[in-house]
Structures are given as C-alpha cells and as structure tokens.
Amino acid sequence: RRRLARSVAAATSGAEAWKLTSTQRAGTASPKNGCRNTVGVVVIGDEVLSQKVQDANTPAILAAMAANGIDVGEVAMLPDVPARIAAVVADFAARFDFVVTTGGVGPTHDDCTWASVADALDEPIELHQEMYERMLQRISTGVSEQQKRMAMLPRLGLSPGFNSMASV
C-alpha cells in the first residue's frame, strides 16, 4: 500500500502538496529522476473548466516550483468527478515525488476533493482537529457544518500546510 506524507503546501493558500517519502517510493531512496524533486499538479473544479473562475493558482504554483528547483512533470485540469480525481492523484503519486492539488475544496455540495484524494491514497477521511481549530479562529461567526466538511481530510498524520514554497 502506497502511503504519502503531507508536505508544505504550494504557492497559494488553496493548494495542498502531498510528498511521497523516499522509503515509500517503490523501493528507491532517491528522487524519481535521480537528483531533483518532481511534482504533478492537479487543478480541480468544474468552475475552472467552464471558465467561471480563472485559474490563477497554476501559474503561481509553476513559478514557485521553478524557484525552488522542483521539476513539474505534468499538470492536469479535472472536473469535480470523484473517480477521475482519485485516478489522476493515484497516477501522479506513482510517478512524482509530490502531488499538488488546487481548487475543488469548499463548503459546496460538489466538494469531493478530499474524499477523492483519500480514495487515491487508500486512507480514511477524518476531522483534522488542527485545521478545524484554524477555521474556528478565522471565522468569527462560527463554522457551519458545510464549512466543517472542509476540515475532513485524508488521515496522513501530519498537519495540513498552507505555507509558501519559501519554507521548503
């Protein structure tokens, strides 16, 4: 079973990075390309594909990766279709050191990103207490049940990162 450890998030606060640790990487202890980290970027959302929302995250993520010496191997732009998200995340996890997801997370009825990532990683989804507490601190009117769903993350044992790539 492939296990991923959460790493620092990418260039924007809406992006999440998942890092395949060297001991979990198909028996090899070095990055997949021999010397540099590699990343696959998954942009998720019907609103991006329909151009209701312009994708500003991908250019920022690409710039941050380049600035930090991380090779971007592929970018996929996907609809809010759980099976497709899970398939691409699993594929990218097998081929790249990091998988960065952006978009698709929100307090809406079609939010399927975390459950799809959990399926791809064969991990259960559960309330991430630290993230939930951050939400409580930032939302002065209280957190609705729909908003609380955004803190339901795949169990990976580490904190979600919303830091800049400068932290890498």
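Counting the residues of the stretch 132-155 that are aliphatic (A, V, I, L, M), open to solvent by less than 50 Å² (accessible area, probe 1.4 Å) and closer than 18 Å to Cys112 by Cβ gives 3. Evaluated against (1) more than 22 Å from Ser116 (Cα to Cα); (2) modelled with pLDDT of 55 or more; (3) open to solvent by 60 Å² or more (accessible area, probe 1.4 Å), Ala29 falls short on exactly one condition, (2). I'd like the full set of residues that are aliphatic (A, V, I, L, M), open to solvent by less than 50 Å² (accessible area, probe 1.4 Å) and in a strand (DSSP E or B), limited to the stretch 61-115. If the condition is that a residue be aliphatic (A, V, I, L, M), open to solvent by less than 50 Å² (accessible area, probe 1.4 Å) and in a strand (DSSP E or B), then Ala76, Leu78, Val99, Val100 are the ones that fit. Scanning the stretch 116-131 for residues that are under 16 Å from Ile85 (Cβ atoms) and open to solvent by 20 Å² or more (accessible area, probe 1.4 Å) turns up Asp119, Asp122, Ile125. The residue pairs whose first member lies in the stretch 70-91 and is free of Cβ contacts under 8 Å to residues at least 60 places away in the same chain and within 15 Å of Glu47 (Cα to Cα), whose second member is in a helix (DSSP H, G or I) and open to solvent by 60 Å² or more (accessible area, probe 1.4 Å), and whose beta carbons are closer than 6 Å, counting only pairs six or more residues apart or on different chains, are Leu78/Arg84; Pro79/Asp46; Pro79/Leu49; Asp80/Asp46.
The values are calculated or read from the model by the stated rules, or taken from the named source; none is laboratory data. Bear in mind that the values here come from a model prediction, so they are computed numbers and not experimental data. We place every Cβ from the backbone using ideal geometry, glycine too, and count neighbours over all the protein chains shown. Please note that ligands, DNA and RNA were not included when accessible areas were found on the heavy atoms of the full protein model with its side chains. Shrake-Rupley method; radii C 1.70, N 1.55, O 1.52, S 1.80 Å.
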